Amino acid sequence: MPFYPLLEGPECNGSVELFNFAPNDWEDASFRERFLNVSWADGSLWHSKCISVVSPGASVSVSRNDLSYLPKSKFGFLSLSKNLLPETTDILPSINDCHTLVPNWRSSLGLNDFKGGKTSYQGEIEPFPQGASMLSFSPFEQKFKNIENYFIFINLEKSPLYRKTDLKIFNPLSMKLLKTEIITSNSITIINIDNLCDLEENLLLMASENMAGIPLYFSRNKITRQMSLEHTHPPASFAIHGKRFAVQQELKKIWFERIKNTI
C-alpha cells in the first residue's frame, strides 16, 4: 500500500483525505479496519506514529495542524496499515496489505490557503530507488496577471538519509539553463517559476539526473486566492502498447543527452 504526502505550499497548510476501501469493486478482502499512521525521516531513522483507527468503508481527513508531534522541520507521509508500524526503523516501513496496483489506492492530497480556498488532486507516492532520474515538462504554468506559479517536488526513498542534488530548469526549445535549485530526498522542495520564460506558449523542462520524485505545479491568483494543483505523468505513461518503461528509458536518454551537451 502506498504512502500519502502531507503537502506544503506558500501560505498554505497541507491536508490528506484517505479512504479505507479499495478503488474497485472486487477486493472484498481489503474491507477491514486499518491503522492511520504518519511517518517521517530524521536523517538517520524513520519515525512512525499511529494517529487513529479507520473503520472499513470510512474516510478520514488529516491536516498538518492536527499533528502537533510531527516536528515542524520534517515532512510527513501518511499511510493505512492492518498492523501497527514500529516507532523507529532504519528503513522505510513496508506495508504488506491487501491492495490493488491498478488502479492504485489513492487519496485526496490538498493545499489549504491561509486566506481561504482549497485545491487538491488524487495521488499517492511509492518509494523511489536512489539514483533514479526525473524529467517533467510544465504545461500547467499560468502566465496571466496576478497569477503566481510554483514547482513543487516531492521525493520518498526507503533510506532515512537526506540526499541533496541539483534540479535544473531549462527552456526545452533553446536548451538554455534558466535556474538551478537544490532538492532533498524524503522531503518537499517549493520553487517559484514565474518569469523564467517570456513567451506564453513556451514550456519549462524540469530535470534531475540523480533523484526521482513527483512533479507538481501549483498556481494561485494573488487577488481572488483561486488555486490549482496539477502533476505531470512519467514518460512511460505516454506509451500505450509494448515495453512502456523501455520507451521511458529512451526518452530520458534523448533529453539528458541534450542537457549534457548544453552544460
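Scoring residue 71 on the criteria (1) surrounded by fewer than 21 Cβ atoms within 10 Å (Cβ to Cβ); (2) modelled with pLDDT of 95 or more leaves a single failure, condition (2).
Being farther than 16 Å from residue 152 by Cβ and β-branched (Val, Ile, Thr) is the requirement here; does residue 232 meet it? Even if it seems obvious, please write down each step before you answer.
On the way: farther than 16 Å from residue 152 by Cβ: no; β-branched (Val, Ile, Thr): yes.
For residue 232, the condition - farther than 16 Å from residue 152 by Cβ and β-branched (Val, Ile, Thr) - is not met.
Give the residues of segment 71-88 that are in contact (Cβ under 8 Å) with a residue 60 or more places away in the chain and of a type outside the set (Phe, Trp, Tyr), sorted by residue number.
Taking segment 71-88 and keeping what is in contact (Cβ under 8 Å) with a residue 60 or more places away in the chain, we get 75-81.
Across segment 71-88, the qualifying residues are 76, 78, 79, 80, 81.
Just wondering, is there one or more residues in segment 143-156 that are in the same structural domain as residue 58 (by TED's automatic domain parsing), in contact with an Asp or Glu (Cβ under 8 Å, 6 or more places away or on another chain), touching a residue at least 24 places away in the same chain (Cβ under 8 Å) and closer than 20 Å to residue 75 by Cβ? I'd like the intermediate steps shown before the answer.
Taking segment 143-156 and keeping what is in the same structural domain as residue 58 (by TED's automatic domain parsing), we get none.
The answer is no; no qualifying residue exists.
Considering only segment 66-88, state which residues are over 23 Å from residue 33 (Cβ atoms) and among the polar types (S, T, N, Q).
As a first pass, look at segment 66-88 and keep what is over 23 Å from residue 33 (Cβ atoms): 68, 70-75, 88.
Listed by number, the residues that qualify are 68, 73, 88.
Residue by residue through segment 1-28, note down the ones that are aliphatic (A, V, I, L, M) and part of a loop (DSSP other than H, G, I, E, B). Matches in segment 1-28: 1, 6, 7, 22. Of all the listed residues (156, 216), the sole one being among the hydrophobic types (A, V, I, L, M, F, W, C), under 19 Å from residue 42 (Cα atoms), buried (at least 17 other Cβ atoms within 10 Å of the Cβ) and at pLDDT 95 or above is 156. Can you find a residue that is in contact with a strand residue (DSSP E or B) (Cβ under 7 Å, 6 or more places away or on another chain) and either buried (at least 16 other Cβ atoms within 10 Å of the Cβ) or not in a loop (DSSP other than H, G, I, E, B) (or both) anywhere in segment 98-105? Checking segment 98-105: not a single residue is in contact with a strand residue (DSSP E or B) (Cβ under 7 Å, 6 or more places away or on another chain) and either buried (at least 16 other Cβ atoms within 10 Å of the Cβ) or not in a loop (DSSP other than H, G, I, E, B) (or both). When segment 44-54 is filtered for residues that are surrounded by 12 or more Cβ atoms within 10 Å (Cβ to Cβ) and part of a loop (DSSP other than H, G, I, E, B), only 45 remains.
Do the conditions hold for residue 82, that is, is it modelled with pLDDT of 95 or more, among the charged types (D, E, K, R) and surrounded by 14 or more Cβ atoms within 10 Å (Cβ to Cβ)? Walk me through it before giving the result.
Working: modelled with pLDDT of 95 or more: no; among the charged types (D, E, K, R): yes; surrounded by 14 or more Cβ atoms within 10 Å (Cβ to Cβ): yes.
Against the criterion (modelled with pLDDT of 95 or more, among the charged types (D, E, K, R) and surrounded by 14 or more Cβ atoms within 10 Å (Cβ to Cβ)), residue 82 does not qualify.
The values are calculated or read from the model by the stated rules, or taken from the named source; none is laboratory data. The structure displayed is predicted, hence computed values, not measured ones. Note: ideal-geometry Cβ built from the backbone for every residue, glycine included; neighbour counts use all protein chains shown.
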